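Asker: Mind looking over this structure? Questions follow.
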Amino acid sequence: MATAKTKTVWFCKECGNESAKWMGRCPACGEWNTMVEETVATGKKNGPAAVSVPGSGHKPMPLSHIDSSVENRMSLNNGEVDRILGGGLVEGSLVLIGGEPGIGKSTLSLQIPLHCPNLRTLYVTGEESAKQVKLRAARIGGDDSGCMIYSETLMENIIAEARAMMPDLMVVDSVQTMFSQNVESSPGSVTQIKETAAMLLRFAKETGVPVILIGHITKEGSIAGPKILEHIVDVVLQFEGENRGTYRLLRSIKNRFGSTSELAVFEMTGKGLREVSNPSEMLIPMHEEGLSGVAVSAMLDGTRPFLIEVQSLVSSAAYGTPQRSATGFDVRRLNMLLAVLEKRAGFKLSVKDVFLNMAGGLKVNDPACDLAVISAVLSSNFDFAIPSDVCFAGEIGLSGEIRPVAQTDRRVIEAARLGFKRIFVSSFSSLEGLENEGRASAIEVVKVADVPALCRTLFKN
Ligand code: TYD
Ligand code: MG
């Protein structure tokens, strides 16, 4: 690039906003201290290049003339991954898998081709040597006959090889290690990441080859630093989970071809990732009867109901200002629930420290957990254990009323399936779906209207 002139610009690491000078605060996303300096070649376009989708043509056309037949989907022979993709990988899609280092991104993306016989895969590794990939493949096992390993980081070479091979699937590990000659900055910089993603998107759309792109996550939790990457790709899957534990959660946070907020659960074993098709098995830890401060919530994540244990500890405040701390639950919502308990049911919690924890490292935002949260808090406050075959599903309103939640019937059926004997729901819940379900007769559905009614029923003796 001897002839191209260069200039210095500033990019926001969070949103990719470009600016001619440094600023303490990004004017686009409002984040502080996120501007980084980069050199770009002038006279060249640096943003994502124009993409032509096969079959769409280049001229405007009436909506009615556009072919709307269902996309071609390819099964990846992995029930959990297929499900969160919305029923398989769509032809020509660009899928970003993000997560912290060591969580299992490379393992999953190597496991997919190894467990899919007849799939010709081009696995591009910029992070590990071909030998390291071989060692990993030996651990995972499976059929490696259709898997080509390519150790390269220059995007121009990668695209050329991919066009020559025309694989059924391409994996690129990782976006931060790849670079293009078109851009004069180091691998991992905002401009390089944008250019790499744009080149892969163009390749995927022109050839119909689906591409899985791996990206690291920053400390703040956004994928690959700039949010701009999430805008470019079709699907974003994010690996979560405590590194200490062996369970891994894969969450769909963007999906142009399916629903978002779907969740898949895996367990990291000595031979790769095992699908956990019944997530309740990990979220309700086994322990002895009679622990106070524990309540089970029948929640819904995406479209799937499952049960999760809510743990709470209420103790007298050691300092003047009581502490409120929540892991996996919104602390503002916890404060609201405590205020409702104080004002509507007369519990003096303002002089207590309250700690709340969701089992399994899960982040919960289903309002149906409210009922289990207040039950756990009250249980700890009175040191009165809730029987372990009882669970809850209900939202708490500001006047202390218990409101019905979406798909209560499916939650009841899931609780019955897992052997729970009683479930507390709102008095106003509709339970039409239960009539045709034989299993539901095994569980007693207790309808409660407000917080005082809940206390009377739950702690009656
Ligand atoms: P890896 O896929 O390399 O993580 P990432 O690509 O997201 O950085 O995950 C590696 C971790 O998983 C590592 O700590 C080793 C462990 N592991 C297993 O426990 N079992 C296995 O079969 C494999 C392949 C890895
Ligand atoms: Mg890796």
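The values are calculated or read from the model by the stated rules, or taken from the named source; none is laboratory data. Owing to the predicted nature of the structure, the values given are computational and were not obtained by experimental measurement. Positions of Cβ are generated from backbone atoms using ideal geometry, with glycine treated the same way; all protein chains shown enter the neighbour counts. To get the accessible areas, we keep the full protein, side chains included, count just its heavy atoms, and leave off ligands, DNA and RNA. Shrake-Rupley method; radii C 1.70, N 1.55, O 1.52, S 1.80 Å.
Asker: Please work out how much accessible surface F424 shows to a 1.4 Å probe, ignoring ligands, DNA and RNA, in Å² rounded to 10.
Answerer: The accessible area comes out at roughly 0 Å².
Asker: I want to check the label-to-label distance for N118 and R256. Put each point 7 Å from Cα in the C-beta direction and report it in nm to one decimal.
Answerer: Using points 7 Å along Cα→Cβ, the separation is 2.8 nm.
Asker: Of S297, A339, P60, which is farthest along the charge dipole of the chain in the positive direction, counting Lys and Arg as +1 and Asp and Glu as -1 at C-beta?
Answerer: A339
Asker: Farthest toward the dipole's positive end in the chain, which of G30, H231, L378, given Cβ charges of +1 (Lys, Arg) and -1 (Asp, Glu) about the Cα centre?
Answerer: Toward the positive end, the furthest listed residue is G30.
Asker: Between K5 and L398, with labels modelled 7 Å along Cα→Cβ, what's the label distance in nm to one decimal, could you check?
Answerer: In this crude spin-label approximation the distance works out to 5.9 nm.
Asker: Over 23 Å between C-alpha atoms is what I'm after, so list which of K421/K460; K13/K134; K348/K460; K13/K363; K105/K131 land there.
Answerer: On the way: K421/K460 17 Å; K13/K134 34 Å; K348/K460 19 Å; K13/K363 25 Å; K105/K131 18 Å.
Long pairs (Cα-Cα over 23 Å): K13/K134; K13/K363.
Asker: Further question on the same structure: Counting heavy atoms of the protein chains only and a 1.4 Å probe, report the per residue accessible area for the chain as a whole number of Å².
Answerer: That works out to 46 Å² for each residue.
Asker: Could you compute the FRET efficiency for D383 and L63, with r as their C-beta to C-beta distance and R0 at 56 Å, rounded to 0.05?
Answerer: Numbers: r = 64 Å, r/R0 = 1.14.
Efficiency at R0 = 56 Å is approximately 0.30.
Asker: What size of dipole, in debye to the nearest 20, comes out for the chain about its Cα centre when the only charges are +1 on Lys and Arg C-beta atoms and -1 on Asp and Glu C-beta atoms? List each step's numbers first, then the result.
Answerer: Numbers: 48 positive and 52 negative charges, 152 e Å.
Here the chain has a charge dipole of around 720 debye.
Asker: Are there cysteines in the chain with no other Cys C-beta under 4.7 Å, and if so, which?
Answerer: Taking the Cβ cut-off of 4.7 Å, the unpaired cysteines of the chain are C116, C147, C369, C391, C455.
Asker: Carbon and sulfur atoms: what percent of the 1.4 Å accessible area of the chain do they account for? Before the final figure, lay out each step's value.
Answerer: Numbers: 10900 of 21080 Å².
Its accessible area is 52 percent carbon and sulfur atoms.
Asker: Given charges of +1 on the Cβ of Lys and Arg and -1 on the Cβ of Asp and Glu, with all other atoms neutral, how large is the dipole of segment 73-277 about its Cα centre, in debye to the nearest 20?
Answerer: Values: 21 positive and 24 negative charges, 50 e Å.
Here the size comes out at about 240 debye.
Asker: Any chance you could run the full-extension gain for F428 through R139? It's 0.36 nm times the residue separation minus the Cα-Cα distance, nm to one decimal. Intermediate values should be presented prior to the final figure.
Answerer: Values: separation 289, 0.36 × 289 = 104.04 nm, distance 5.26 nm.
Contour length minus Cα-Cα distance gives 98.8 nm.
Asker: Is the shape of the chain rounded, prolate or oblate, going by the alpha carbon gyration tensor and its root eigenvalues a ≥ b ≥ c, with a/c under 1.5 for rounded and a/b larger than b/c for prolate? Walk me through the numbers on the way to the answer.
Answerer: Details: a/c = 2.20, a/b = 1.74, b/c = 1.27.
Prolate.
Asker: Here's a follow-up. If one computes the Cα centroid of segment 349-397 and of segment 114-182, what distance in Å separates the two points?
Answerer: Cα centres, segment 349-397 to segment 114-182: 46 Å.
Asker: Now, a different point. For L250, what is the net charge nearby, where nearby means another residue's Cβ is under 14 Å from its Cβ and Lys, Arg count +1, Asp, Glu -1? Can you show the working numbers first?
Answerer: Details: positive: R83, K105, R248, R251, K254, R274, R304, K363; negative: E80, D82, E100, E240, E262, E267, E275, D301.
Around L250, the surrounding residues sum to 0.
Asker: Here is a follow-up. Which whole-number percentage describes the relative contact order of the chain, with Cα contacts under 8 Å and a sequence gap of 6 or more? All intermediate terms of the calculation are to be shown ahead of the outcome.
Answerer: On the way: 1000 pairs, mean separation 55.4, N = 461.
Reported as a whole number, the value is 12 percent.
Asker: Calculate the FRET efficiency for R324 and S75 from the Cβ-Cβ distance with a Förster distance of 45 Å, rounded to the nearest 0.05. Before the final figure, lay out the partial values.
Answerer: Details: r = 46 Å, r/R0 = 1.02.
Efficiency, rounded to the nearest 0.05: 0.45.
Asker: Then there's this: Between R304 and K460, with labels modelled 7 Å along Cα→Cβ, what's the label distance in nm to one decimal, could you check?
Answerer: So the label points at R304 and K460 sit 3.7 nm apart.
Asker: Rounded, prolate or oblate for segment 114-168? Axes are the square roots of the Cα gyration tensor eigenvalues, ordered a ≥ b ≥ c, and the cut-off for rounded is a/c under 1.5. Please report the intermediate quantities before stating the final value.
Answerer: On the way: a/c = 3.59, a/b = 1.29, b/c = 2.79.
In terms of gyration-tensor shape, oblate.
Asker: Once the piece of chain linking N365 and E37 is laid out straight, how much longer is it, given 0.36 nm per residue of separation minus the C-alpha distance between them? Could the numbers behind the result be given before it?
Answerer: On the way: separation 328, 0.36 × 328 = 118.08 nm, distance 3.70 nm.
Separation in residues times 0.36 nm, less the Cα-Cα distance, equals 114.4 nm.
Asker: Towards the positive end of the charge dipole of the chain, with charges on Cβ (+1 Lys, Arg; -1 Asp, Glu), say which of T153, A264, A415 has the farthest Cα.
Answerer: T153
Asker: If Rh is defined by the Kirkwood formula over all Cα pairs and Rg also comes from Cα, what ratio Rg/Rh do you get for segment 321-442? Walk me through the intermediate numbers first.
Answerer: Values: Rg = 15.2 Å, Rh = 15.4 Å.
With Rh from the inverse mean 1/r over Cα pairs, Rg/Rh is 0.98.
Asker: Please list, by residue number, everything in segment 181-204 whose backbone N is under 18 Å from a paramagnetic label point 7 Å out along Cα→Cβ of C29.
Answerer: Only 188-198 fall inside the zone, counting backbone N under 18 Å.
Asker: Full-extension gain between R274 and L154, please, as 0.36 nm times their residue separation minus the C-alpha to C-alpha distance.
Answerer: Values: separation 120, 0.36 × 120 = 43.20 nm, distance 3.32 nm.
Full-extension gain reported as 39.9 nm.
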